[in-house]
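To start, the structure under review is shown below, and the notes come after it.
Read the figures in this text as sums done on the coordinates, not as results from a lab. What you are looking at is a predicted structure, and each value in this text was computed from that prediction instead of being measured. Heads up, the Cβs are rebuilt from the backbone with ideal geometry, glycines too, and the neighbour counts pull from every protein chain shown.
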Amino acid sequence: MRIFYIFLSAILVMTACKKDGNKPPEAFRGKYAGRFYVEKGGVNYNISNVSIRFDGWEYEFGVSDVANYPSYNQGGKGFFLTPPDKITLNMLLPTATQLKREYIYTIKGDSLIFMNPISDTEREYFRLKRVP
């Protein structure tokens with residue numbers, strides 16, 4: 001009987017919490033523009049102005065100064081968040097291979113910063129600001 005009450009209590013707690021699993025947090029909704037670049041040894045290179053739009057649990061890249069860079073323009077537009085501070089962008093490459101790229105994200109007001117530590121001295125960055 002004791003197990004029944006523990007189980008019942010757990011069910012009530014889980015169902016009593018309001019969950020909005022159909023929508024991502026507000027910071028991951030709408031359109032952003034900014035820069036994508038790689039930093040190595042304190043030097044930024046492969047800099048490209050980019051835009052990205054979040055819609056539900058999907059994203060879409062818009063403009064980029066450099067054709068096919070970053071190579072997220074291939075499709076496979078889903079993303080998911082892993083608490084406390086990770087975002088994973090899913091991509092579908094032309095070979096139909098599923099690729100996932102994980103970034104540590106920071107939200108600062110109307111800005112998003114994604115950082116992927118490639119190595120001890122090299123990192124990929126998206127620095128984005130919400131646009132109307």
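Simple point charges give the picture: +1 on the Cβ of Lys and Arg, -1 on the Cβ of Asp and Glu, and for region 22-131 a dipole about the Cα centre of about 240 debye. Ordered by the number of other Cβ atoms lying within 10 Å of each residue's own Cβ, fewest first, Asp85, Asp120 fall into the sequence Asp120, Asp85. Within the shell of other residues whose beta carbon sits under 13 angstrom from the beta carbon of Ile107, the net charge comes to +3, with Lys and Arg scored +1 and Asp and Glu -1.
The fraction of all Cα pairs in region 22-131 landing in successive 5 Å bins from 0 to the largest distance is 2, 12, 21, 28, 21, 11, 3, 0, 0, given as whole percents.
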